[in-house]
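One structure is given here, and the rest of the page talks about it.
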Amino acid sequence: MTSEQPKAKREIRTLTGPLERAILPKMARALPAWVTPDHLTLLGLVAAVMIAVGYYLTRLSTWWMVLVNASIVLHWYADSLDGTLARVRKIERERYGYFVDHICDAMTAVLVCLGLGASLYMDLRVGLLLVIGYLMMNIYVHVAVYAKGEFKLSYGRFGPTEVRIALFAVNIVVPFWNPRVYVVLGCPCRVLDLVGLAITAVFLTVFTACSMRDARELDRRDRAARAESSKGA
């Protein structure tokens, strides 16, 4: 399937974008004929469940973080190739692909953040705030697709792949270094909690700023269109 929304301009400017544009079509062409985009989408969901389970199992042993990082790589593979495979084989189903791909993205975000919150390394409340921030950004992106005809997939050169790389690196560090910084209302606050709160604040700030900017722009466009229509009448 493809993650493109019909009649929307797709905008993605990421650090890894040039490399992915070069290698993903080659990887897609190398897949067996029996592998379909839907198979890859399902594999991505399975990988998201494995990430969440792996995070939870770190309560038993930090070695389960190996499963988490392996699942992150698997999720990148599946999520990056499902749309690419559809485009390479010219079997796109644009509306279906857009819908299913982003429903799965939302489910993945919930699974990953809840998994983090259920692990030893992040407070569940911080994980919940993090997924709320992400979902608000997700809502903004898809409302903008309808209202502006623009589908923005990256911010500040960061996109899905950069997020996975950052999460992979964090998973290597936190089993060895995630000290308690201070106590809030009797609950310990660790470094990863602060990182989660900071990312949530960024999500909410970008959501608010972009929403206000786009509302002003759309108001200006509508007023101009109404004025032009009045002149024509």
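The values are calculated or read from the model by the stated rules, or taken from the named source; none is laboratory data. All values derive from a computational prediction rather than experimental measurement. Reconstructed Cβ throughout: ideal geometry from the backbone, glycine too, with neighbour counts over all protein chains shown.
Overview of values
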{"item": "Yes/no for Tyr96 being modelled with pLDDT under 95, over 19 Å from Leu24 (Cα atoms) and within 19 Å of the chain's Cα centre (by Cα)", "result": "yes"}
{"item": "Condition check for Ala106: surrounded by fewer than 20 Cβ atoms within 10 Å (Cβ to Cβ), among the aliphatic types (A, V, I, L, M), farther than 15 Å from Ser71 by Cα and touching an Asp or Glu at 6+ places or on another chain (Cβ under 8 Å)", "result": "no"}
{"item": "Filter pass, Tyr77 being among the hydroxyl-bearing types (Ser, Thr, Tyr), surrounded by 14 or more Cβ atoms within 10 Å (Cβ to Cβ) and over 19 Å from Val110 (Cβ atoms)", "result": "yes"}
{"item": "Meets criteria (modelled with pLDDT of 95 or more and either surrounded by 17 or more Cβ atoms within 10 Å (Cβ to Cβ) or closer than 13 Å to Leu81 by Cα (or both)) for Ala47", "result": "yes"}
